Every structure is written in structure tokens, then in C-alpha cells.
1. Ranking request for peptides 89-101, 29-41: highest mean number of other beta-carbon atoms within 10 Å first, then the rest in descending order.
2. Shape verdict for the chain, please, from the Cα gyration tensor: rounded (a/c under 1.5), prolate (a/b greater than b/c) or oblate.
3. What net charge is computed for the residues neighbouring TYR93, neighbours being all others with C-beta under 14 Å from the C-beta of TYR93, Lys and Arg scored +1, Asp and Glu -1?
4. Which whole-number percent gives the relative contact order of the chain, counting Cα pairs below 8 Å spaced six or more residues apart?
5. Would you work out which of LEU175, THR103, TYR244 lies farthest towards the positive end of the dipole of region 80-270? Charges go on Cβ: Lys and Arg +1, Asp and Glu -1.
6. Under the 0.36 nm per residue contour assumption, what length would be gained going from the current alpha-carbon distance of TRP132 and ALA72 to full extension?
7. Scanning the chain for helices, which whole DSSP H stretches are 30 Å or more long along the axis (Cα) and average -0.5 or more by Kyte-Doolittle?
8. Taking the Cα centre of region 80-270 as the origin, how large is its charge dipole in debye, to the nearest 20, when only Lys and Arg (+1) and Asp and Glu (-1) carry charge on their Cβ atoms?
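Read the figures in this text as sums done on the coordinates, not as results from a lab. The structure displayed is predicted, hence computed values, not measured ones. Every residue, glycine as well, gets a Cβ built from its backbone with ideal geometry; the counts of neighbours run over all protein chains shown.
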Amino acid sequence: MKNFLTSLLTARWLTGRRLVIAVPFAWLACAFLVPFLIVARISFTEADTGGNPFGTLMTLVDGVITFKIKIANYLFILQDDLYVLTYLSSLKYAAITTLLCLTIGYPFAYFMARSRPTIRPVLLMMVMLPFWTSFLLRIYAWKGILANNGILNHLLISAGIINEPLHMMNTPFSLVIGMTYAYLPFMILPLYANLVKMDVRFLEAAADLGATPLQTFWRITVPLSKSGIIAGSMLVFIPAVGEYVIPELLGGPETLMIGHVLWDEFFTNNDWPMASSVTVVVILLILVPMAIFNKYKAEQEARA
């Protein structure tokens, strides 16, 4: 046994670099690939009325093994307007949330990166401070702020801006506000990590060549921070598509989100094959555009 471990550790293919790379790939395989394959397998099965939520993909009758691959769930998703509208609605709200997070987060991240090194830890702590409080408590707090008798309406009425309370809860407005608030730190942190490492000599050179601050920002700062923008946008957009808690607490019947549909299919209808099919389509809607974008980006970098 000792000789086997020694030969394994000294093997030519098991170098330190490959071992370091293999660890995250093994983690991704266990945490993502295996669960995804299980869900994909369930999506092609027939719902088992005998109490097995995983369905039946293979049957053995009289010594004959029969495989049944059911694609009716995927066809139903493509043909049913409710599912199509729910997917489009989820993508729309996720895109709006991403744009708002980028609009709010970029100036804050830029200010953090250009501030004095002595106060950067304080600003970074302010961004991470909400994570010290329960996610549910923070979302419930917005219910107290946006309710008809909530804090915001009370302040507006007291200031004489409005005469009667505004209906803000259980609307697309409250949904977008809650999602933007919840995911804003995930946009700020990658942007800050990118902007703080930017070489300020590029900005000084642009100023010496006569560029205005606005021209320097659009032609130097934004292109150099593109990787941070992409990383932050992905960190916001991907979880926002399948968000369930915020639409359930702050959204209303008008705010269709795929997370609520998944909950109903899994736990209300107890139709695991249908719920798994919905899940696979959601993952494909996210991963396929990302794969195409990464391939396009890699081709551009190869040409450059």
C-alpha cells in the first residue's frame, strides 16, 4: 500500500499544477454536474404513482429491459404560453436587476478604488455588512418600508408630497427594488477588485494627451474594467433568474418568476419529472448564451 501511494504521488502526470486544477474541477463535478445529471435523468422519466418521486426510466418485465425516455414535458413547456411567459418574465426581471446593480454599483466601486487606502477597508466593510444579517430579515424589512402604511409612505405623506399612500408592495417595482438591494454587493465586489488594480498611469497619459475626464472614463476606465463588469453581471443575473424568496415576499400575481413555478411543480403538484424539465430548461437558458459568449470572447482574444 505504501509503495502504491509513493508511486501515485511521484507519477509524472500528477504534477502540482494539475493537482491544484483538479481540486476545483472535482468540486464542480460533485456540486453541479452530478446533481444536474440526476435532475436531467428525472426529467425524462414518467411520474411514478407508487410514491417514487424520481420516476422510472428503466423497467424489467419477463427478463426484458425496456428504456422509456419521455420528452412530453419539454414539448409541453415549449407549447404552453404560461411557461414561455414565465421564462421571459424571469429573464426580464433578472436583466433589469443586473442593469440597476451595474448603474448603482459601478460609481460606488469606482469611488472605493480611488479612495485613500486607509479608508478602503471601511468602505469594503460597508458593502459586506448586510451579509451579517439574515437574508430573510432584510427582505422582510422592505415589506415594512414599502407597505401602504409603511415607512416610505409615512414620510411622503408627512412631507406633503402625496395625499394618500402609494401602492408599492406586491408589484414589479417592489420586486425589482428587493432584488437590486439583495444582489448589489455581488456587483460591487468584482468591480472593486478589478478597478483597484487598474494602472492609474493610463489615466494620467490620457489626461496629458488632452482627453477630458468623461473621455478618459469611457475610453480607458470602462474598457479596462470590462472583466469586472462581466463577472459582476454574471454573479447577479444567474441567481436572479431563479430567485424564489424575493418574488414570494415582495412580488405579486403580476410578477411571474420561474422559481415560483418550480416550487409549485415540486411541492404542490408533486410532479418531479415536470419540475426537473423546467429546471433543465432554466439551466440551458443561462449556460448556452454564456458558452457562446465565452467562445466569442476567446476567439477575439486569439485574433488580438
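1. The densest-packed peptide leads the list: 89-101, 29-41.
2. Oblate, since a/c reaches 1.5 and b/c is not below a/b.
3. -2
4. Relative CO of the chain lands at 26 percent.
5. After comparing all options, I get THR103.
6. The TRP132-ALA72 span can extend by a further 17.1 nm.
7. On the way: long enough: 81-114 (49 Å, 0.95); 172-195 (32 Å, 1.30); 272-303 (46 Å, 0.80).
What comes out of the filter, once short or polar helices are dropped, is 81-114, 172-195, 272-303.
8. In total the dipole reaches around 940 debye.
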